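One structure below.
Bear in mind these aren't lab numbers, they're just calculated from the coordinates by the rules spelled out. Here the structure is a predicted model, which means the values were calculated and not measured. FYI the Cβ positions are ideal-geometry reconstructions off the backbone, even for glycines, and counts take in every protein chain you see.
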Amino acid sequence: MNTPVLLALSTLCFLGGFSFAVVALRTGLHRPSWANLGIMIAGFLLQCLVLRDWGALHGRCPITNVPEVLVFLGWSLVLLYFILGRAFRLSLLGVFTAPLVFLLQAVALVLLLAHGPYPPEKLVQTDIWHELHAAVSLLSFGAFGLAAMAGLMYLVQDRQLKSHHPGQLFYSLPPIRYLTDAIARLLGIGLILLSGGIVSAYLMNARTFTPHVGLSVVIWAAYAGLLTWHFLRRGSPKRFAGAAVIAFLLPLVQLALL
Amino acid sequence: MLLCLGINHKTAPVEVREKLAFADSHLHEAIREMRRLEGMEETVVLSTCNRVEIYSAVNDPERAMESLREYLTRHFDLGDFAQHIDFYHHSGVAAAWHLFRVASGLDSMVLGETEIFGQVKKAYATAQEAGGTARRLNKLFQQAFQVGKLVRSSTRITHGSTSIGSVAVDLAEKIFGELSGCQVMIVGAGEMSRRTGTSLLSRGAKSIIVSNRSHDRAVELAEEMGGKAVRFDDWEETMIHVDIVITSTAAPHSIIHPAMVETVMKKRRGRSLFIIDIAVPRDVEPAVNELENVYLYDIDALETMASEAREERERQITLCEAVIQSHLDENGITALAPIPDRPPTGKDRSRPGNDLVGDSPEADPITHS
């Protein structure tokens, strides 16, 4: 099966996972289920196959063009959701993650169809710092993306609590305190990963700062400031959650500028 | 065939139910005695505060029913009073249908409550220990557990909370998660606030603080609830440290204003505050709910949520019964006899058509399912 078909199937899986969860939520019967998790796992495995094919094509980490970057970011989001979603008691995070991954991959698919196959970009000499920088930075963006989704969940739950007329989502969403903790932890994990990404970029560029690395530093500083603001208890959890959602625009801008 | 004889909260007042309640300590012996009755082969006794039901596999329904009534009259020393007890009885498929409804919480005082499922399990385990069950009741109860789980997972019969106290607890858990770290303060020591505070404590709230205009009453309630009392002049200061505030003072006007809560919130360093105002007239100005990180619910908001949940559960009954029906159909049980739409409610609740089901061995759903 060729790579775009695998990507299309993976994208459909995430659309299916999202639709499945929405239907379950609308009927008020959403519970973490193997069926829903199975669809997410299938989508993830297909993502792995896509990235493996592209990796073999380039002989390196497959982040040489925009579709690859989008798919790698989607893969990071799902990977971190599998690792952290249950640990943070946020099974519903998958419901919020699936549409974002679907969107990222749908854009990647459209670009692939419009542009046609991208040429291989084999490196003459593999640079370990370059590989590490790209992979770790995208993983950190995955963590920031999940934090944004948790922030969105917080805002939805807060609105329901304030309205006095909670809908079906109310009973499925986690408590707002757990969501606040999850946002902080995800941002912390993202910051650690991004620190690794920046250090490896610095080493990759023969110890010089490029504008690209400069923008990564700006993103790092923004998230570090947000976390510090939260831990110093300067703002309300609602503003923290809202800020986590808005701040995710920064990594998206950086990806758009690649 | 199967037989079910019993009383419940719909058919008998507590004065009758308490006379027929089986003590845990005597249950094993009672089951063994019932099993030795004429016509009886297997027995499970479900005895809770809202129902006493005896499920039996019998070889002679008429004889078994008669000997069971005689046994109950003798065992509980009922004498002539037995004639005034409004027993219902179901046989064959109707008995299975009834047990499945009971295990699913459809026959409970609080529709959809889940405690009954554990009580049915316990009753079955006790009967097993006492040697009261064999193939037919084993199969019936295993099916009841399957159906009970299926009804709960495939419908919204357990959704929401149906009382003000449980709505308050649910909301608190949606804000704070586990309540084990939560401190509760009661302002105004009324009965409703005591009950709501008790609900929160029963779900794990860490401690309770009581403040009342009459400090003696505050001390009394605090002692009763295992908490501590603070002077009425100090409750505003105490609000900085607690997570949940329950107010029910008799003040003729509001005593908690947005400006006051805003000041408190600045000192709380980002911690959420849940205020439950069950006073009429209200103690808390509605504008307090507009403040960030403060969640205010008054008595009407809580009651609306509770009544919406009750209505939703009522609407789910048809769906739940369809699940039960489908289970019976899949096991070839209802092909043998029709099941009425609703459980009978009058005196002598045996279902029409029960005799059709029970008289032939082919009609026994458990033997032939």
* Structure fact -> Rounded to the nearest Å, the spacing of the alpha-carbon centers of the range B:111-150 and the range B:230-270 is 48
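Percentage of Cα-Cα pair distances in chain A greater than 26 Å, rounded to whole percent? Display every interim value, and only then the final one.
Details: 13886 of 33153 pairs.
Of all Cα-Cα pairs in chain A, 42 percent lie more than 26 Å apart.
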* Relative to the longest principal axis of chain B, what angle (0 to 90°, nearest 10) does the C-alpha long axis of helix B:258-267 take? -> 90
* Structure fact -> The farthest towards the positive end of the charge dipole of the range A:3-256, of the residues A:Phe44, A:Ile192, A:Ile128, given +1 on Cβ of Lys and Arg and -1 on Cβ of Asp and Glu, is A:Ile192
* **Computed helical MRE - 222 nm, the protein assembly as shown, DSSP H runs ≥ 4 contributing -39500 (n - 2.57), nearest 500** => -19500 deg cm²/dmol
* Hey, what did chain B get for relative contact order, percent, Cα under 8 Å, at least 6 apart? -> 19
* Structure fact -> Rounded to a whole number, the mean other protein chain Cβ count within 10 angstrom for residues of A:229-235 is 2
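Averaged across the residues of B:158-166, what count of C-beta atoms belonging to other chains lies within 10 Å of each residue's C-beta?
Details: counts 0, 4, 4, 0, 0, 0, 0, 0, 0.
Averaged over the peptide's residues, the number is 1.
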* Structure fact -> Taking trypsin sites (Lys or Arg not before Pro) in a DSSP loop with at most 11 other Cβ atoms within 10 angstrom as exposed, one finds the longest site-free stretch of chain A at A:1-121
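Within 10 Å of each Cβ in B:288-297, how many Cβ atoms from other chains are there, averaged over the peptide?
Working: counts 0, 4, 1, 1, 7, 7, 2, 5, 2, 2.
Mean shielding count: 3.
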* To do: State, in angstrom, two size descriptors of the range B:50-207 derived from its alpha carbons: Rg to one decimal place and Dmax to the nearest whole number.
  => 20.7, 63
* Structure fact -> Taking a straight Cα-to-Cα line shorter than 19 Å from B:Lys174, and setting aside same-chain lysines fewer than 8 residues away, one finds A:Lys162, A:Lys238, B:Lys206
* Structure fact -> Where a ≥ b ≥ c are root eigenvalues of the Cα gyration tensor, a/c under 1.5 meaning rounded, otherwise prolate if a/b exceeds b/c and oblate otherwise, the protein assembly as shown counts as oblate
* Structure fact -> Listed by chain and number, the lysines with an alpha carbon less than 25 angstrom from that of B:Lys19, same-chain partners under 8 positions apart left out, are B:Lys10, B:Lys121, B:Lys122, B:Lys347
* Asked: Under unit Cβ charges (Lys, Arg +1; Asp, Glu -1), what dipole magnitude, rounded to 20 debye, does the range A:3-256 have relative to its Cα centre?
  -> 920
* Mind checking the log10 I(q)/I(0) for chain B at q = 0.10, 0.11, 0.13 Å⁻¹? Debye, one equal scatterer per Cα, no solvent, two decimals. -> -0.74, -0.82, -0.96
* 0 to 90° range, to nearest 10: angle between helix A:237-247 axis and chain A longest Cα axis -> 30
* **Compactness index (Cα Rg / 2.2 N^0.38 Å), the range A:132-222** => 1.41
* Structure fact -> The ³J(HN,Hα) series, computed from each phi in the range A:138-144 with the Karplus coefficients 6.51, -1.76 and 1.60 at θ = phi - 60°, rounded to the nearest Hz and given as x for glycine or proline, is 5, 4, 5, 5, x, 5, 5
* Rounded tilt (10° steps) of B:115-129 against the dominant C-alpha axis of chain B -> 40
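Considering only the other residues whose Cβ falls under 15 Å of the Cβ of A:Leu193, what net charge follows from Lys and Arg at +1 and Asp and Glu at -1? It would help to have the intermediate numbers written out before the result.
Values: positive: A:Arg185; negative: A:Glu131.
Local charge sum for A:Leu193: 0.
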* Asked: What distance in nm separates the simple spin-label points at A:Ile128 and B:Gln83, each placed 7 Å from Cα in the Cβ direction?
  -> 9.8
* Structure fact -> Charge tally for neighbours of A:Leu226 with beta carbon under 12 Å away, counting Lys, Arg as +1 and Asp, Glu as -1, is +2
* Asked: Looking at B:Gly148, B:Gly226, B:Ile164, which one has the Cα that reaches farthest to the positive end of the dipole of the range B:131-280 (charges on Cβ: Lys, Arg +1; Asp, Glu -1)?
  -> B:Gly148
* Asked: Once phi is turned into ³J(HN,Hα) by the Karplus curve 6.51 cos²θ - 1.76 cosθ + 1.60 with θ = phi - 60°, what whole-Hz value does each residue of the range B:136-143 show in order, with x for glycine and proline?
  -> 6, 6, 4, 5, 4, 6, 4, 5
* Can you work out ³J(HN,Hα) from phi for every residue in the range B:276-282, in order, using Karplus 6.51 cos²θ - 1.76 cosθ + 1.60 and θ = phi - 60°, giving whole Hz and x for Gly and Pro? -> 10, 9, 10, 8, 9, x, 5
* Asked: Given a cut-off of under 8 Å on Cα pairs at least six residues apart, what relative contact order in percent is computed for chain A?
  -> 21
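Under 11 Å from the Cβ of B:Asp300, count the other residues' Cβ atoms, weight Lys and Arg +1, Asp and Glu -1, and hand me the total.
Working: positive: B:Arg282; negative: B:Asp277, B:Asp298, B:Glu303.
Result for the local shell: -2.
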* If you average the sequence gap of Cα pairs under 8 Å that are 6 or more apart and divide by the length of the range B:1-80, what percent do you get for the contact order? -> 37
